[in-house]
1. For region 57-62, what does the Karplus curve 6.51 cos²θ - 1.76 cosθ + 1.60, with θ = phi - 60°, yield as ³J(HN,Hα) per residue in whole Hz, taken in order and with x for Gly and Pro?
2. Enumerate the amide H contacts of R111 below 5 Å, restricted to partners 5 or more residues apart or on another chain; note that Pro and chain-start residues carry no placed amide H.
3. At R0 = 45 Å, how high is the FRET efficiency between A148 and Q113 if r is their beta carbon distance? Nearest 0.05 is fine.
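Bear in mind these aren't lab numbers, they're just calculated from the coordinates by the rules spelled out. In this text, all values refer to a predicted model and were calculated from it rather than measured experimentally. Cβ atoms come from the backbone with ideal geometry, glycine included; neighbour counts cover every protein chain shown.
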Amino acid sequence: MSYSSLSRPLIACLVSWIVLAPAAWAQKDRDRTQVGHNITIGPNEQVSDATCFGCGVRVRGHVSSDVTTFGGSVVIEEGGQVDGDITTFGGGIRLGKDANVKGDVTVFGGRIQRDPEATIGGDVTNMGGPGWIALIVLAPFIFLGLVAALIVWVIRRLLRPSMPAAA
C-alpha cells in the first residue's frame, strides 16, 4: 500500500470527526447539572436533563427528558413542561397551573403540591416524610450489620470447643 492510499481514509476520518464532534458536544451542553446552585430553566429555554445535588430546579420552559434532585425541590411553573420523569430525594415537587409532566413523578421524603389543572402522564409515587429517607439511608447499613453478625456467629460456633458429654 502506498502512502496516499493510507492518507485518504485518515483524512476522511479526521474531517468527519471535526464536522460531527461539535454536534455531539452541543447535545451534551443542553444537559444541566449543578451542585449547590439552583437550576432555572426560562420560559423560552429547552434543556435535555436537569440534575441537581443539594439544590432545586425551577422549570418555566421545556425539559425534553428527566428532572432529578437530591436534597432539593422541583417547581414546574405555569406552562412548564417535562417530557420525562421527575424524581426528588429529600425534597418536594410543586406543579403550577398548566404544568405538564409526561412521565412519572416520584418523591422520597417530601410532598407533592399539584394545581388541579396540572397534568401528569405517568404514575405518581409519594413516600413522604423523613422516615422514608432514614429507611433508604439506613437499610443498607442494617443489612450489612446483620450479615456481619451472622458471620461472627458462624465463626464462633465453629471455633467453640466441644464439651464432653456428662456421664
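1. Karplus-based 3J(HN,Hα) across region 57-62 equals 10, 10, 10, 10, x, 10 Hz.
2. Long-range HN contacts for R111: G92, I93.
3. On the way: r = 42 Å, r/R0 = 0.93.
That pair, A148 with Q113, gives E of 0.60.
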